[in-house]
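Read through the structure below, which is laid out as structure tokens, and then see the notes.
The values are calculated or read from the model by the stated rules, or taken from the named source; none is laboratory data. Since the model is a prediction, treat every value here as computed from it, not as a measurement. Because the Cβ atoms are built from the backbone with ideal geometry, glycine has one as well, and the counts that use them run over all protein chains shown. To get the accessible areas, we keep the full protein, side chains included, count just its heavy atoms, and leave off ligands, DNA and RNA. Shrake-Rupley method; radii C 1.70, N 1.55, O 1.52, S 1.80 Å.
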Amino acid sequence: MGREAKVLQLFKTLHRTRQQVFKNDARALEARIKINEEFKSYKNETSPKKIEELMKVGSDVELLLRTSVIQGIHTDHNTLQLVPRKDLLIENVPYCDVPTQKQ
């Protein structure tokens, strides 16, 4: 696969991940603008080393978003309801809507 194809694939993957991670959050979905700006700012980059470095950063960001970001919804003044995606839940670490009190 050519370098241009890999860059385009990363661009599309970042946008798909953004849509999944920030689903139903219009303000956070505006990260689309930042992704587009970053790719446009390096549009004319020709150094293979710099392009590989930028691709690594983009891939790391996508992985971080996909594996570490959980949405929270303000339900009260001091309360957040976490909305984990199914792919974030690990089978041996159950998620509980109502945390237990430590004794």
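Applying the set (1) more than 15 Å from the chain's Cα centre (by Cα); (2) modelled with pLDDT of 85 or more to HIS74 leaves exactly one unmet item: (2). Going through the stretch 9-23 one residue at a time, which ones are open to solvent by 90 Å² or more (accessible area, probe 1.4 Å) and either of a type in the set (Val, Ile, Thr) or over 14 Å from the mean Cα position of the chain (by Cα) (or both)? The one that is open to solvent by 90 Å² or more (accessible area, probe 1.4 Å) and either of a type in the set (Val, Ile, Thr) or over 14 Å from the mean Cα position of the chain (by Cα) (or both): GLN9. Considering the stretch 78-87, and only residues there that are closer than 22 Å to ALA31 by Cβ and open to solvent by 70 Å² or more (accessible area, probe 1.4 Å), the residue that is nearest to the chain's Cα centre (by Cα) turns out to be ASP87. All conditions but one from (1) loosely packed, with under 10 Cβ neighbours inside 10 Å; (2) outside any helix (DSSP H, G or I) apply to ARG27; the one that does not is (2). Residues that are more than 15 Å from the chain's Cα centre (by Cα), modelled with pLDDT of 90 or more and not aromatic (Phe, Trp, Tyr) occur at least once in the stretch 26-37.
Within the stretch 34-77, the set of residues being in a strand (DSSP E or B), of a type outside the set (Val, Ile, Thr) and surrounded by 10 or more Cβ atoms within 10 Å (Cβ to Cβ) comprises GLN71, GLY72.
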